Amino acid sequence: MTRSNKLGLYIHIPFCVQKCSYCDFLSFAGAPEPLMESYTKALIEDIRRSGQRESIVDTVFFGGGTPSLLPVSTLEQVLSNLMQHFRFDEAMEITVEANPGTIDKGKLNSYRNLGINRISIGVQSLNDKVLKALGRIHDAEQARSTFRDAREAGFDNINLDLMFAVPGQEWTDWISTLENTIDLAPDHISFYSLQLEKGTPLYQRFEEGSLTDVDVETDRRMYRTALRMLENAGYLPYEISNASIPGKECRHNLKYWSMEDYLGLGLGAHSFFCNQRFQKEDDMAKYLEDPAVKERYTNSRTDSISEFLFTGLRKRTGISLEEFKDRFDVELFHLYSKEIDTHRQAGLLILNDAGTNLLLTEQGIDLSNHVLSDFV
Amino acid sequence: MEPYQKYIRNFCIIAHIDHGKSTLADRLLEKTGSITQREMKEQYLDNMELERERGITIKLQSSRLVYHAKDGNKYFFNLIDTPGHVDFTYEVSRSLAACEGALLVVDATQGVEAQTLANVYLALEENLSILPIINKIDLPSAQPEEAKHEIEDVIGIDAQHAPLISAKEGINIEEVLEAIITEIPPPSGDPDGKLKALIFDSFYDNYRGVVIYTRIFDGKLQKGDVIRLMNTKKKYEVTEVGVFAPGPVPIDVLRAGEVGYICASIKQVGDARVGDTITMDKDPTETPLHGYKKMQPMVYCGIYPAEGEKYENVKDALEKLQVNDAAFLFEPETSQALGFGFRCGFLGLLHMEIIVERLEREFDLGIITTSPSVIYKVVMHDGTELMIQNPSNLPDLTLIRHIEEPLVKANIMLPKDYVGGIMELCQERRGIMTHMEYITETRVVLHYEMPLNEVIYDFFDALKSKTRGYGSLDYEFTKYQKSNLVKMDIMLNRELVDAFSMIVHESKAYQRGRFVCEKLKEVIPMHQFEVPIQAAIGQKVIARETVRAYRKDVIAKCYGGDISRKKKLLEKQKEGKKRMRQFGSVEVPQEAFTAVLKYDDKK
């Protein structure tokens with residue numbers, strides 16, 4: 001998990017069968033085929049313009065939306081364009097997000113043949129009641145079979161996404177989802193506390209008062225129990241919401257948390273490259289016409305320091321003091337002595353045993369915004 | 001009467017808030033050509049932004065209008081505007097003293113209000129001729145005949161010939177101008193007598209120094225005269241005399257019966273006090289004009305620089321405001337909780353709100369204000385008396401024989417339907433009804449004796465809320481009275497925060513304590529630990545709330561490399577922290593100080 005200095009590529013596929021009730025990501029439900037085709041064309045133009053051969057790319061991540069909605073031929077077209085305009089490393093991590101109900105054994109086999117070697121399945125829950133509340137298009141059994149199909153297709157790096165603190169979710173629902181997920185033995189598990197986002201149907205129902213949010217105590221108990229169960233099952237929680245079998249961490253996502261370079265391709269995709277943060281056009285009509293950068297911002301030193309801290313502290317290993325000094329030419333403790341002291345005294349931050357890394361405690365994770373906001 | 005005096009009329013306008021005083025004044029200016037349409041902003045005379053916003057007048061504005069009457073003569077009208085709030089009763093009485101008459105503007109849809117009545121009584125005390133005017137006759141709900149009857153029943157003056165006007169629409173304004181000539185007597189006074197002139201207002205001008213508004217009763221005044229202010233006993237040489245038309249226009253001489261301004265290199269409005277008499281230093285009059293009072297603040301509060309604001313900036317701003325406001329006092333004080341700041345004295349709550357808002361808006365300052373307090377008279381066992389206006393300064397209870405608090409006479413005018421609710425409210429505020437009168441079949445005046453400290457918190461808001469805006473209030477100080485008062489302290493996480501301390505009546509302490517604790521619970525954010533909020537009298541805790549410890553403040557998702565969204569969120573959170581004030585281990589948002597003062601319908 002050291003810095004690779006290699007480039008990650010994120011490819012955004014903003015299409016879904018239907019919009020989930022909690023989702024505020026940039027994606028369109030029920031898009032007609034011609035729109036997908038024009039989007040692919042624009043995306044390829046985006047790839048062509050963004051292409052460069054100075055850096056070596058070692059991760060590609062198809063996120064969405066629902067990338068598994070794309071026809072295999074389209075995915076193949078995009079991948080071959082990527083290879084044409086970027087230099088790929090020998091040891092690639094190529095992830096595709098797949099949602100149960102949009103993918104079958106045949107598609108998964110084709111993915112293998114395209115060189116895709118990691119599948120991230122949006123399971124969310126193995127409880128049908130919860131899946132319904134989330135507005136998912138599949139049931140628990142479909143999610144299980146998608147996982148089994150992926151295994152059978154030969155994927156040895158599979159992530160399952162889970163959600164907890166879903167309104168209406170019982171404590172036992174969560175525990176059985178965790179148990180059943182662990183039983184499936186995926187290589188990687190993400191577990192997110194549901195965030196009610198404005199503008200989503202779920203939020204609206206919450207505003208209307210027709211659903212009650214999971215109380216904070218239960219939310220945190222769900223989180224900590226998940227940590228314990230995953231650890232006992234041999235998973236290492238290497239980031240606030242991510243755990244994996246050692247060696248199966250998501251290399252692509254780690255780039256976000258380690259301030260490494262990544263390029264975002266596709267509608268509204270975010271990039272961090274050569275100390276600049278930028279976003280692609282996020283208006284579909286405009287993107288189709290001209291897949292250009294919408295906003296570009298050059299990080300100041302202060303920006304970079306604060307981003308390094310608040311992303312880095314999400315990792316279980318925290319921030320390497322030495323790396324901080326290497327990057328910014330100043331001691332972390334020098335810069336933030338008061339803030340670090342306060343939070344250490346409050347038991348929210350600690351140094352690791354070797355004294356080389358600063359990290360959030362478990363309570364610190366619960367209150368991470370409170371801690372991290374002191375570093376922006 | 002001197003010949004020139006025949007063509008002068010000095011008058012003011014009395015009206016309740018919103019009854020159209022400023023609009024009428026504007027209309028008069030416009031009709032007489034004193035300002036052109038082009039210059040005409042809405043309500044020209046209310047030239048402070050704040051005044052216009054609230055629809056009230058705080059500082060006086062006066063203006064000379066030249067009117068070519070139907071009789072072929074040219075008249076000079078001196079329109080003296082009056083402040084429109086109970087806090088400024090004294091100033092109102094002095095500007096009335098400068099006039100021979102008053103236009104009484106009554107809203108045809110609402111009738112006479114308490115504030116109007118109070119000012120009419122002041123005008124009658126000064127022997128002014130009252131010219132009733134019925135306004136807003138253009139509104140469908142206007143009942144001009146009702147309004148006339150009310151004026152006759154309540155005030156006892158003939159209103160049959162009152163002009164029916166709409167100031168807004170400009171209807172019948174001419175009639176008002178003619179009636180001013182016929183109904184209001186011209187001034188008298190001997191221009192060759194010994195100088196006797198009334199200061200009825202003053203303001204500070206960066207170039208001229210203090211500009212005094214004056215009415216000459218006897219004698220005359222011109223540039224170069226050496227004047228003496230009889231109460232402050234100070235001497236000045238006059239540098240300019242003039243009239244407002246409505247901008248300042250220098251003239252050669254101001255004579256008996258006239259209204260105008262003078263400048264005399266005076267540095268502070270406090271040196272030219274409203275009500276003082278101006279005379280010649282060389283040949284002074286023996287008898288000053290009656291009615292002079294030094295204005296005394298009735299309400300005090302602490303004003304402190306908010307987090308990140310400089311003490312010096314606040315001090316500078318307070319000094320600037322004081323230059324223009326003789327009734328506003330301040331002195332440095334220190335709070336354990338808030339650090340260095342100022343104890344400030346005001347005529348009343350509105351006066352306080354205005355100063356606070358001006359500090360925030362005109363001077364762009366971040367400030368914290370503490371709970372307002374009246375002045376308590378503390379009688380010690382050894383017989384000494386202390387005047388206390390900061391609850392924190394209350395001596396040890398064992399040394400105190402008793403405490404006295406100021407009482408006011410409050411007159412509340414309201415539609416009869418709301419009487420029950422307001423009597424309840426007054427009783428709850430320790431008011432004692434002295435009498436109640438029906439001024440018409442539907443309208444009532446309640447007369448109460450009430451502790452001022454019950455009036456200053458949120459009484460006015462409560463009155464407005466319980467009468468749906470129809471109730472009006474007028475009050476004046478009467479006396480000090482022994483009362484069972486206690487000091488209530490607020491503790492956050494077991495530490496006393498002196499800025500929240502207040503003096504309350506023992507019977508109200510529990511209720512008040514509960515209210516403050518509940519309010520603080522609403523505004524204090526969750527901490528990593530539980531924060532007990534306690535109200536206590538001495539060692540005894542009388543109310544308690546707890547802010548629960550927070551257990552979750554985390555955004556799990558950080559999707560697709562979108563760092564900026566997360567960063568914005570953290571930045572916002574950081575901004576929020578900046579607005580917090582650290583008291584011991586507890587962070588309190590600045591809104592907390594105002595939140596505990598606000599009237600709450602539900603409570």
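The values are calculated or read from the model by the stated rules, or taken from the named source; none is laboratory data. Just so we're clear, the structure is a prediction, and the values are computed from it rather than from any experiment. Cβ coordinates were reconstructed from backbone atoms using ideal geometry, including for glycine residues, and neighbour counts include every protein chain displayed. Note: areas computed on protein heavy atoms with side chains; ligands, DNA, RNA excluded. Shrake-Rupley method; radii C 1.70, N 1.55, O 1.52, S 1.80 Å.
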Seminar exercise, completed: FRET efficiency for B:Ala69 and A:Arg205 from the Cβ-Cβ distance with R0 = 51 Å, rounded to 0.05, comes out at 0.10
Problem set entry | Calculated [θ] (222 nm, deg cm²/dmol) that DSSP helices of n ≥ 4 give over chain B, each run adding -39,500 (n - 2.57) | -7000 deg cm²/dmol
Seminar exercise, completed: Cys residues of chain A with no disulfide-compatible partner (no other Cys Cβ under 4.7 Å) are A:Cys16, A:Cys250, A:Cys274
For this session: Please return the longest stretch of chain A lacking exposed loop sites, where GluC sites (Glu not before Pro) count only if DSSP places them in a loop and at most 14 other Cβ atoms lie within 10 Å.
Result: A:1-169
Problem set entry | Neighbour-limited loop hits for GluC sites (Glu not before Pro), the stretch B:152-230 (at most 15 other Cβ within 10 Å; DSSP other than H, G, I, E, B) | B:Glu169
Exercise. Using a probe radius of 1.4 Å on protein heavy atoms only, what is the accessible area buried between chains B and A, both sides summed, to the nearest 100 Å²?
Worked result: 3200 Å²
Seminar exercise, completed: The ³J(HN,Hα) series, computed from each phi in the stretch A:210-217 with the Karplus coefficients 6.51, -1.76 and 1.60 at θ = phi - 60°, rounded to the nearest Hz and given as x for glycine or proline, is 8, 9, 9, 5, 5, 5, 4, 4
Exercise. Aspartates and glutamates near B:Lys572 by alpha-carbon distance under 13 Å, same-chain residues fewer than 8 away left out - which ones?
Worked result: A:Asp374
Exercise. Percent of accessible area on the stretch B:487-589 owned by carbon and sulfur, 1.4 Å probe?
Worked result: 49 percent
Problem set entry | Sparse-neighbour loop sites [GluC sites (Glu not before Pro); the stretch B:253-330; at most 10 other C-beta within 10 Å; DSSP] | B:Glu286
Seminar exercise, completed: Taking the dipole of the stretch B:328-415 about the Cα centre (Lys, Arg +1; Asp, Glu -1; charges at Cβ), the one of B:Leu338, B:Met413, B:Ile400 that reaches farthest to the positive side is B:Met413
Problem set entry | Low-density loop cleavage sites - trypsin sites (Lys or Arg not before Pro) in the stretch B:164-273, where at most 13 other Cβ are within 10 Å (DSSP) | B:Lys233, B:Lys267
Problem set entry | Rel. contact order, % - alpha carbon contacts under 8 angstrom, at least six apart, the stretch A:28-116 | 37 percent
Seminar exercise, completed: Computed, not fitted: 222 nm per-residue ellipticity of chain A from DSSP H runs ≥ 4 (each -39500 (n - 2.57)), nearest 500, equal to -12000 deg cm²/dmol
For this session: Place a +1 charge on the Cβ of each Lys and Arg in the stretch B:153-293 and a -1 charge on the Cβ of each Asp and Glu, then give the dipole magnitude about the Cα centre in debye, rounded to the nearest 20.
Result: 920 debye
For this session: Would you mind checking which residues have amide H under 5 Å from A:Tyr192's amide H? H placed 1.01 Å from N; only 5 or more apart, or other chain.
Result: A:Leu162, A:Met163, A:Phe164
Seminar exercise, completed: Helix B:114-125 sits off the longest principal axis of the Cα atoms of chain B, rounded to the nearest 10 on a 0 to 90 degree scale, by 40 degrees
Exercise. Among B:Pro589, B:Gly302, B:Val259, whose Cα sits farthest toward the positive end of the charge dipole of chain B (+1 at Cβ of Lys/Arg, -1 at Cβ of Asp/Glu, about the Cα centre)?
Worked result: B:Pro589
For this session: First select every other residue whose beta carbon is under 10 angstrom from the beta carbon of A:Phe155; then total the charges, Lys and Arg +1, Asp and Glu -1.
Result: -1
Problem set entry | Computed E for B:Tyr438/B:Thr478 - FRET, C-beta separation, R0 35 angstrom, nearest 0.05 | 0.90
Problem set entry | In sequence order, calculated HN-Hα J values of the stretch B:390-397 (Karplus, 6.51, -1.76, 1.60; Hz; x Gly/Pro) | 10, x, 5, 8, 4, x, 3, 4
Problem set entry | DSSP-defined antiparallel bridges as percent of all bridges, the stretch B:93-209, nearest 5 | 25 percent
Exercise. Long-range amide H contacts for A:Ser120: which residues qualify at under 5 Å (H placed 1.01 Å from N, peptide plane, sequence gap of 5 or more or a different chain)?
Worked result: A:Val96, A:Glu97, A:Ala98, A:Asn159
Problem set entry | Positive-end residue of B:Gln481, B:Met450, B:Thr467, charge dipole of the stretch B:442-491 with Cβ unit charges | B:Thr467
Problem set entry | Separation of alpha-carbon centers, the stretch B:506-541 and the stretch B:326-391, rounded to whole Å | 23 Å
Exercise. What lysines sit close enough to B:Lys540 to cross-link, taking a C-alpha to C-alpha distance under 25 Å and skipping anything fewer than 8 places away on the same chain?
Worked result: B:Lys377, B:Lys482, B:Lys487, B:Lys508, B:Lys519, B:Lys521, B:Lys603
Exercise. Hey, what did chain B get for relative contact order, percent, Cα under 8 Å, at least 6 apart?
Worked result: 10 percent
For this session: Enumerate the amide H contacts of B:Ile368 below 5 Å, restricted to partners 5 or more residues apart or on another chain; note that Pro and chain-start residues carry no placed amide H.
Result: B:Tyr304, B:Ala306
Seminar exercise, completed: For chain B, longest principal axis from Cα atoms; helix B:419-428 axis from its Cα atoms; angle between them, nearest 10 degrees, is 60 degrees
Problem set entry | Simple Cβ-charge dipole of the protein assembly as shown, Lys/Arg +1 and Asp/Glu -1, about Cα centre, in debye nearest 20 | 1500 debye
Seminar exercise, completed: Regression test value, accessible area per residue of the protein assembly as shown, probe 1.4 Å, units Å², expected 42 Å²
Exercise. Over the stretch A:6-256, what relative contact order in percent results from Cα pairs under 8 Å that are six or more residues apart?
Worked result: 18 percent
For this session: Rounded to whole Hz and in sequence order, give me ³J(HN,Hα) for the stretch A:68-84 from the Karplus expression 6.51 cos²θ - 1.76 cosθ + 1.60, θ = phi - 60°, writing x for Gly and Pro.
Result: 5, 6, 5, x, 4, 4, 5, 4, 4, 4, 5, 4, 5, 5, 4, 5, 6
Seminar exercise, completed: With +1 on the Cβ of every Lys and Arg and -1 on the Cβ of every Asp and Glu, the dipole magnitude of chain B about its Cα centre, in debye rounded to the nearest 20, is 2280 debye
